[in-house]
Amino acid sequence: MARTAHFALHRCALDAADGAEPLFGASAVWLGAMVPKRWARRAVTRNAIKRQIYTVGAASEASLPVAAHVVRLRSGFDRKVFVSASSDKLKAAVRTELQQLLARGASVRA
């Protein structure tokens, strides 16, 4: 649905198609995070990115359509720029990019 330099947003409708059972029972915004070891080698970094995804996602839940969403890390952050595995600078960069991603995803209604 949307992309930024490091993240991609995927969406799957929750309603039933062709009379089949719905994907999930409740009608709500579902959010998942996928942070592969390939792009974030350290567990501390992967966990920090996932926490940012869930925090920013909860803050922008009202603007997202009712669907299942997955935020996927699609490229790594430069370890020369972000030396620490879980620095405030890295968290701020992730948060800013996630806000842009979810704003783009909220504007796409398909």
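Scan region 59-90 for residues that are part of a loop (DSSP other than H, G, I, E, B) and under 16 Å from the mean Cα position of the chain (by Cα) and report the count.
Here the count works out to 8.
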For region 27-58: of the residues being in a loop (DSSP other than H, G, I, E, B), more than 13 Å from Val94 (Cβ to Cβ) and small (Gly, Ala, Ser), which is modelled with the highest pLDDT?
Ala28
Which of the residues spanning region 1-26 are loosely packed, with under 13 Cβ neighbours inside 10 Å and modelled with pLDDT of 90 or more?
Ala5
Picked from region 68-86 (must be touching a helix residue (DSSP H, G or I) at 6+ places or on another chain (Cβ under 9 Å) and polar (S, T, N, Q)), the residue modelled with the lowest pLDDT is Ser86
Residue hits (region 80-110; closer than 18 Å to Ala5 by Cβ, exposed (fewer than 14 other Cβ atoms within 10 Å of the Cβ) and among the basic types (Lys, Arg)) are Lys80, Lys89
Of the conditions (1) surrounded by 14 or more Cβ atoms within 10 Å (Cβ to Cβ); (2) touching a residue at least 24 places away in the same chain (Cβ under 8 Å), Pro36 clears all except one; give me its number.
(1)
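The values are calculated or read from the model by the stated rules, or taken from the named source; none is laboratory data. Keep in mind the model is a prediction, meaning the values are calculated, not measured. Note that each Cβ is placed from the backbone with ideal geometry, even for glycine, and that neighbours are counted across all protein chains shown.
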